[in-house]
Amino acid sequence: MKKIDVFVFSGTGNTMKCAKELERHLAALGATINVMRVESGAERVESVGDTVVVCYPVHGFNAPINMIKFCEALPTSSAHFYVLKTSGEPLSINDNSSGRIERSIRAKGYAYRGEYHFVMPYNMIFRHTDEMAAKMWATAQARIPDAAQTIFDGASHVKKVPLKAKVVSGVVSIEHWGARFNGRFFRVKKDKCVGCMQCVKNCPTHNISYENGRFKFGNQCLLCTRCSFNCPTDAFRIGLMDFMRVNGRYNFKANPEEAEIGRYCRRSYTAYFQE
């Protein structure tokens, strides 16, 4: 029986949602699945199965630094290796986000077999409508069975990465440093905070603490926005990037047929939904 390890970092839940759907279809095909959540990136595994699937949300056209560190520390193996990634827009400049991971795992002997990119609603930049979120999720659900079959079969799904994607991801990789810098400027509005401490408990890198009646912020922020997105009273402020803050979960049960594609990336969204 084929053994597949699925390693997932999910900031606000979109990537995990897709990973669990992939797990369901792989299990239906007869695979034994091990799903492990990656948070800080310091997690370690001693061995892997026949196939490894790494799942992450794209951060600034790159993989999050915690997932990069996790993959760089994976044990040597000849297992097949796939990537499942999510982002808020179906643009080709996301195509090189796995470049650093691919190089590191190839050096460890893994057989890189390609990646799958699913569009899910933004957790920062701007808020999609619930209908648009539902349409994105419906599209992902329609595509994931093919991804599961390809992964189960060990077939190739390697994309040719355009030069512009390599250039953009290289330039914007400064976001890894920028996230740590920006995290220093996070704040909580005391008049809105209800003291639930979800931001402290759920930070993947333990970058947020509460001491002597004050919130404190370290230098390990990933800018995953789990803190601000899930704040029940929208009390959290994300520093220099606060103008892009999105708060509150999406209703994926809205009617996807009522989704309206606006001007933003209209051609790309239209093509993605029609494929």
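The values are calculated or read from the model by the stated rules, or taken from the named source; none is laboratory data. Here the structure is a predicted model, which is why all the values come from computation and not from measurement. For neighbour counting, all protein chains shown are included, and Cβ atoms are generated from backbone atoms with ideal geometry for every residue, glycine included.
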Test Ala165 against the stated conditions and say whether it is at pLDDT below 95 and among the small types (Gly, Ala, Ser).
-> yes
Condition set among the β-branched types (Val, Ile, Thr) and under 18 Å from the mean Cα position of the chain (by Cα), scope region 217-275, selection farthest from Met16 (Cα to Cα): answer is Val246
Taking Phe126, is it under 29 Å from Cys227 (Cα atoms) and surrounded by fewer than 17 Cβ atoms within 10 Å (Cβ to Cβ)?
-> yes
In region 126-175, what count of residues is obtained for those that are among the small types (Gly, Ala, Ser), closer than 30 Å to Lys253 by Cβ and touching a residue at least 40 places away in the same chain (Cβ under 8 Å)?
-> 6
Tally time: how many residues in region 190-206 are under 26 Å from His176 (Cα atoms) and either touching a Gly at 6+ places or on another chain (Cβ under 6 Å) or without any contact (Cβ under 8 Å) to a residue 60 or more places away in the chain (or both)?
-> 7
Kindly indicate the residue of region 75-123 that is in a helix (DSSP H, G or I) and in contact (Cβ under 8 Å) with a residue 24 or more places away in the chain and also surrounded by the fewest Cβ atoms within 10 Å (Cβ to Cβ) among those meeting that condition.
-> Ser92
Keeping to region 1-48, report how many residues are surrounded by 14 or more Cβ atoms within 10 Å (Cβ to Cβ) and at pLDDT below 95.
-> 1
Does Ser87 count as under 19 Å from Leu223 (Cα atoms), among the hydroxyl-bearing types (Ser, Thr, Tyr) and in the same structural domain as Glu115 (by TED's automatic domain parsing)?
-> yes
Within region 174-190, restricting to residues that are within 11 Å of Ala235 (Cβ to Cβ) and in contact with a strand residue (DSSP E or B) (Cβ under 7 Å, 6 or more places away or on another chain), the one that is surrounded by the most Cβ atoms within 10 Å (Cβ to Cβ) is Val188
